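Have a look at the structure below, then the notes.
The values are calculated or read from the model by the stated rules, or taken from the named source; none is laboratory data. Quick caveat: nothing in here was measured; it's all calculated off a predicted structure. Quick reminder, even Gly has a Cβ in these numbers, built from the backbone with ideal geometry, and neighbours come from all protein chains shown. For the accessible areas, the whole protein counts, side chains as well, though only heavy atoms, and no ligand, DNA or RNA atoms are used. Shrake-Rupley method; radii C 1.70, N 1.55, O 1.52, S 1.80 Å.
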Amino acid sequence: MKNKIPAQATWGGGFSNGPHPLMVQFGESVSFDARLAPFDIAGSKAQAAMLAHVGIITEAERDAIHAGLDAILGEIEAGVFQWETALEDVHMNIEQALTKRVPAAAKLHTARSRNDQVATDMRLFFKDAAARAAAELRALLAVVVGLAEQWQAVLVPGYTHLQRAQPVSAAHHFLAYAEMFGRDLARFGEFAERANICPLGSGAIAGTTLPVDREFAAAQLGFVDTAGKPRLTANSMDAVADRDLFIEFAAHCALCGVHFSRVAEDMILWGSAEFGFAELPEGFTTGSSLMPQKKNPDSLELLRGKSARLQGNLHTLLTLTKGLPLTYNRDLQEDKPPVFDSLDTLLLCLAVLRETLRGLRLRPERCAAAVADPLLLATDLADYLVRRGVPFREAHHAVGAAVALAGKTGVPLDKLSLAQVRDIHAAFGEDWASVFDLRTAMLAREKTGMPGPGQVAAQIAAWKTRLAKEMLSE
Ligand code: ARG
């Protein structure tokens, strides 16, 4: 029999020929999973250590395998390793390269399948990815909290329905962003906890008949609890079929993307001539090739755009997984590009947002002009009536009538005469217009979570303490 294409080196024993060239091109994943190499090598070293520990290979064989894997990692990091598409994926590329150098490597795949191998690689990847996302979020939070501190004295209108609602400090607005990204940070921490479970030893689907020590391998790889006790997956079928972490990771990235997209939208508005609350850093804006006056907020627009990609990746993973029978199916090879893209996109977006915000300058005079609108304190005026014994619904009505009168007569709400407001409701006193003092209005909002200056200062201090603690534990 003519054997033109050599049978596949690792699994080709029962095949007379290698795969069709189109199948090689179609089935390869090394073009994207090569980035798993450090995790794959860590997993293989743990596997070799475990095999030696239970006496399946000798210590000399283990040491030769370890040295060979270290050398391969060095070549990969130096960019000189020869990746071969015909060897499909990162796992077989590394195993084949090792086998060429170290005869004992032929024993490395004992009691292991690529199914538990890739599951292990990805859990190691996810622990690392979560730490990287968390580090970026902390750096972003430091800038956001810094902005809050810097602009504590500036008041801006807060908006609902994109209509001016009530005055808040710019700091309170920025601290809302800190809450959003703080939740993302917590999510990645919880996610890392769930990733911290070792599937190695699950084999292809049903474990192995060989006397492996799963706890030993798990401990080697750092899949341990705070007391150092190994954490293992409990069901070999689920261990190789489960892609929850992929979906969760993409979901956390997508949700973080929703957050940075909303921040971006706010800052696009604030930077517009219409709002004029902020000036965006030149380095993150671009000009127009036609209109010389333009300074477009491209970094913020791209952040809004890239958040769509993060949602797309989540959707890809949900759809990829939903119809699959247990356990591993080759479809699952498609699980990695969206995850890698989500990580890369997220890290870059968080860095770009951080630097865009770092260069943001508020325009206090424009903020002051906008927040001086007395209508922003219409609710405070209703509260004034409430303090004078008027039921809130009635007070709301009375102030509504005053607002309508101001609109009709073209007089600012706070400049109506005492006679005019008394005519609307007898409970208005001589001091009725005192509520329009912004300082008083802010000082009146000092309960937990409110935008009063004391509250805001306390929140800034709390964030700084939290971030300092987080940085220490990084
Ligand atoms: N490259 C494969 C993937 O990422 C590795 C697992 C292959 N397993 C298999 N039974 N063909 O899914």
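State all residues of region 365-420 that are among the basic types (Lys, Arg) and in a helix (DSSP H, G or I); if no residue qualifies, say none.
Of all residues in region 365-420, those among the basic types (Lys, Arg) come to 366, 387-388, 393, 408, 415.
Within region 365-420, 366, 387, 393, 408, 415 qualify.
Table: residues versus (1) among the small types (Gly, Ala, Ser); (2) in a helix (DSSP H, G or I); (3) buried (at least 20 other Cβ atoms within 10 Å of the Cβ).
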| position | (1), (2), (3) |
| --- | --- |
| 186 | yes, yes, no |
| 204 | yes, no, no |
| 207 | yes, no, no |
| 234 | yes, no, no |
| 237 | no, yes, no |
| 255 | no, yes, no |
| 275 | no, no, no |
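So residue 331 clears everything in (1) open to solvent by less than 40 Å² (accessible area, probe 1.4 Å); (2) more than 25 Å from residue 259 (Cα to Cα); (3) not in a loop (DSSP other than H, G, I, E, B) except one condition, right? Which one?
Among (1) open to solvent by less than 40 Å² (accessible area, probe 1.4 Å); (2) more than 25 Å from residue 259 (Cα to Cα); (3) not in a loop (DSSP other than H, G, I, E, B), residue 331 violates only (1).
Of 39, 32, which residue is aromatic (Phe, Trp, Tyr) and in contact with a Lys or Arg (Cβ under 8 Å, 6 or more places away or on another chain)?
On the way: 39 fails: in contact with a Lys or Arg (Cβ under 8 Å, 6 or more places away or on another chain).
Matching residue, one of 39, 32: 32.
Among the residues of region 421-433, what is the count of those that are part of a helix (DSSP H, G or I) and in contact (Cβ under 8 Å) with a residue 40 or more places away in the chain?
Going through region 421-433, the residues part of a helix (DSSP H, G or I) turn out to be 421-424, 432-433.
Filter once more, keeping what is in contact (Cβ under 8 Å) with a residue 40 or more places away in the chain: 432.
Here the count works out to 1.
Going through region 413-426 one residue at a time, which ones are under 30 Å from residue 169 (Cβ atoms) and surrounded by 14 or more Cβ atoms within 10 Å (Cβ to Cβ)? Working first, answer last.
Residues of region 413-426 under 30 Å from residue 169 (Cβ atoms): 413-416, 421.
Once the filter is applied, which keeps residues that are under 30 Å from residue 169 (Cβ atoms) and surrounded by 14 or more Cβ atoms within 10 Å (Cβ to Cβ), region 413-426 yields 413, 414, 416, 421.
Please go through region 298-315 and give me each residue that is of a type outside the set (A, V, I, L, M), out of contact with any Phe, Trp or Tyr (no Cβ under 9 Å at 6 or more places or on another chain) and open to solvent by 60 Å² or more (accessible area, probe 1.4 Å), ordered by number.
Of everything in region 298-315, those that are of a type outside the set (A, V, I, L, M), out of contact with any Phe, Trp or Tyr (no Cβ under 9 Å at 6 or more places or on another chain) and open to solvent by 60 Å² or more (accessible area, probe 1.4 Å) turn out to be 301, 309, 311, 315.
Taking residue 288 as meeting all but one of (1) more than 16 Å from the ligand (Cβ to nearest atom); (2) part of a helix (DSSP H, G or I); (3) hydroxyl-bearing (Ser, Thr, Tyr), write down the number of the exception.
(2)
Please verify whether residue 410 is open to solvent by 60 Å² or more (accessible area, probe 1.4 Å) and without any contact (Cβ under 8 Å) to a residue 60 or more places away in the chain, treating the condition exactly as stated.
Working: open to solvent by 60 Å² or more (accessible area, probe 1.4 Å): yes; without any contact (Cβ under 8 Å) to a residue 60 or more places away in the chain: yes.
Yes.
For region 23-52, what are the residues that are farther than 20 Å from residue 128 by Cβ and open to solvent by 50 Å² or more (accessible area, probe 1.4 Å)?
Passing the criteria: 23, 25, 26, 31.
For region 303-351, what are the residues that are within 16 Å of the ligand (Cβ to nearest atom) and among the basic types (Lys, Arg)? Spell out the reasoning first.
Within region 303-351, the first condition is being within 16 Å of the ligand (Cβ to nearest atom), and the residues that meet it are 316-317, 320-321, 324-341.
Listed by number, the residues that qualify are 330, 336.
So for region 146-155 (the condition being more than 30 Å from residue 379 (Cα to Cα) and in contact with an Asp or Glu (Cβ under 6 Å, 6 or more places away or on another chain)), does at least one residue qualify? Quick ask: steps written out before the conclusion?
Going residue by residue through region 146-155, those that are more than 30 Å from residue 379 (Cα to Cα) are 146.
Filter again for in contact with an Asp or Glu (Cβ under 6 Å, 6 or more places away or on another chain), leaving none.
No, there is no match, as no residue in region 146-155 is more than 30 Å from residue 379 (Cα to Cα) and in contact with an Asp or Glu (Cβ under 6 Å, 6 or more places away or on another chain).
Of the numbered conditions (1) open to solvent by less than 30 Å² (accessible area, probe 1.4 Å); (2) of a type in the set (Ser, Thr, Tyr); (3) within 17 Å of residue 245 (Cα to Cα), residue 356 fails exactly one; give the number of that condition.
Single failed check for residue 356: (3).
List every residue pair whose Cβ atoms sit under 9 Å apart, with the two residues 6 or more apart in sequence or on different chains, where the first one lies in region 316-327 and is open to solvent by less than 60 Å² (accessible area, probe 1.4 Å) and the second, anywhere, is part of a loop (DSSP other than H, G, I, E, B) and β-branched (Val, Ile, Thr).
That search, which allows pairs on different chains as well, returns 327/205.
I'm checking my understanding of the structure. Among residues of region 53-86 that are β-branched (Val, Ile, Thr) and under 33 Å from the mean Cα position of the chain (by Cα), which one is least open to solvent (accessible area, probe 1.4 Å)?
Taking region 53-86 as the starting set, the residues that turn out to be β-branched (Val, Ile, Thr) are 54, 56-58, 65, 72, 76, 80, 85.
From the residues that got through so far, the ones that are under 33 Å from the mean Cα position of the chain (by Cα) too are 72, 76, 80, 85.
Details: 72: 0, 76: 34, 80: 91, 85: 69 Å².
This residue is 72.
If a residue has to be within 16 Å of the ligand (Cβ to nearest atom), over 14 Å from residue 335 (Cα atoms) and of a type in the set (A, V, I, L, M) to count, how many in region 117-142 make the cut?
Adding up the residues that qualify gives 1.
What about residue 105, is it closer than 20 Å to residue 338 by Cα, away from the ligand (no atom under 12 Å from the Cβ), open to solvent by less than 20 Å² (accessible area, probe 1.4 Å) and at pLDDT 95 or above? Reasoning before the result, please.
Values: closer than 20 Å to residue 338 by Cα: no; away from the ligand (no atom under 12 Å from the Cβ): yes; open to solvent by less than 20 Å² (accessible area, probe 1.4 Å): yes; at pLDDT 95 or above: yes.
Against the criterion (closer than 20 Å to residue 338 by Cα, away from the ligand (no atom under 12 Å from the Cβ), open to solvent by less than 20 Å² (accessible area, probe 1.4 Å) and at pLDDT 95 or above), residue 105 does not qualify.
Given the conditions (1) out of contact with any Lys or Arg (no Cβ under 8 Å at 6 or more places or on another chain); (2) open to solvent by 40 Å² or more (accessible area, probe 1.4 Å); (3) closer than 15 Å to residue 168 by Cα; (4) assigned to a helix (DSSP H, G or I), and given that residue 442 satisfies all but one, which numbered condition is not satisfied?
(2)
Of all residues in region 445-474, which are loosely packed, with under 12 Cβ neighbours inside 10 Å and in contact (Cβ under 8 Å) with a residue 60 or more places away in the chain? Write out each step before concluding.
Initial filter on region 445-474 (loosely packed, with under 12 Cβ neighbours inside 10 Å): 447-449, 465, 468-469, 472-474.
Within region 445-474, just 474 meets the criteria.
List the helices (runs of 4 or more DSSP H) that sit entirely inside region 1-91 and contain at least 2 residues that are away from the ligand (no atom under 13 Å from the Cβ). Walk me through how you get there before you give the answer.
Details: elements: 21-27, 30-33, 37-53, 59-78.
Those helices (runs of 4 or more DSSP H) span 21-27, 37-53, 59-78.
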